[in-house]
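What follows is one structure encoded as structure tokens, with my remarks underneath.
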Amino acid sequence: MVTAKGCARVLKGGGAHLADCELLEFLLCALIPRVDLKPITKELIAKLGTVSAMPGAAPERLMGVEGVGETAAAYVRARHLLMQQAARHPVVDRPVISNWAALLNYVGLKIRHLKPEQARVLFLDRKNRLIADEMAGQGTVDHAPIYPREIARRALAPLGIEVHDHLVVGAGETVSMKAKGLI
């Protein structure tokens, strides 16, 4: 339940003073009123592994926790989609390759916690601005098959597009094939 003290804690500072469970309870209290949310938030974190996995979790996984209904799952999904859109705007408006942090933020929000795994292709213009972000393949928990021929066909259609990098986004880190000397 939201209290004046709880509101003040959320409004104060950068959030480091709040536990994951507290923040999650605060978000869910408007969607699941008049219920003790501690057991629900603890089960969500236990089921998903971390609180950071919640935004990208499939609605079915969220609704698998007793007390989390369709409305709460839809809210979490909408919030995740909004975060993706927000992350995309700075990337679209300035060069992608010269702003590594914005690129990592974008791909991290887009695919880090997706199950099943996805392979995505970011198409850039000559000034390294994002033209399109397309899913090239979807797989299982630990691999996503892609067809380089299809990616090359799609990339070469407008001509003049070159491969800048190949990022592998995992739960804990993002690896650049270019930085590893593999491209």
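The values are calculated or read from the model by the stated rules, or taken from the named source; none is laboratory data. Bear in mind the structure is a predicted one, so any value in this text is a computation, not a measurement. Neighbour counts run over all protein chains shown; Cβ positions are idealised from the backbone, glycine included.
For the reader, a short list of remarks on this structure follows.
- Put simply, of G64, G56 the only residue that is closer than 20 Å to L114 by Cα and at pLDDT 85 or above is G64.
- Residues (out of contact with any Leu (no Cβ under 9 Å at 6 or more places or on another chain) and over 20 Å from A171 (Cα atoms)) located in segment 111-140: D125, R126, K127, N128, R129
- Restricting segment 98-155 to residues that are of a type in the set (V, I, T) and either in a helix (DSSP H, G or I) or under 14 Å from the mean Cα position of the chain (by Cα) (or both), the residue that is surrounded by the most Cβ atoms within 10 Å (Cβ to Cβ): I111
- Within the set A87, A73, the sole residue that is in contact with a Phe, Trp or Tyr (Cβ under 9 Å, 6 or more places away or on another chain), crowded, with 17+ Cβ neighbours inside 10 Å, part of a helix (DSSP H, G or I) and on the phi < 0 side of the Ramachandran plot turns out to be A87.
- Residue list for segment 10-32, restricted to those being surrounded by fewer than 14 Cβ atoms within 10 Å (Cβ to Cβ) and either in contact (Cβ under 8 Å) with a residue 12 or more places away in the chain or among the charged types (D, E, K, R) (or both): K12, A30
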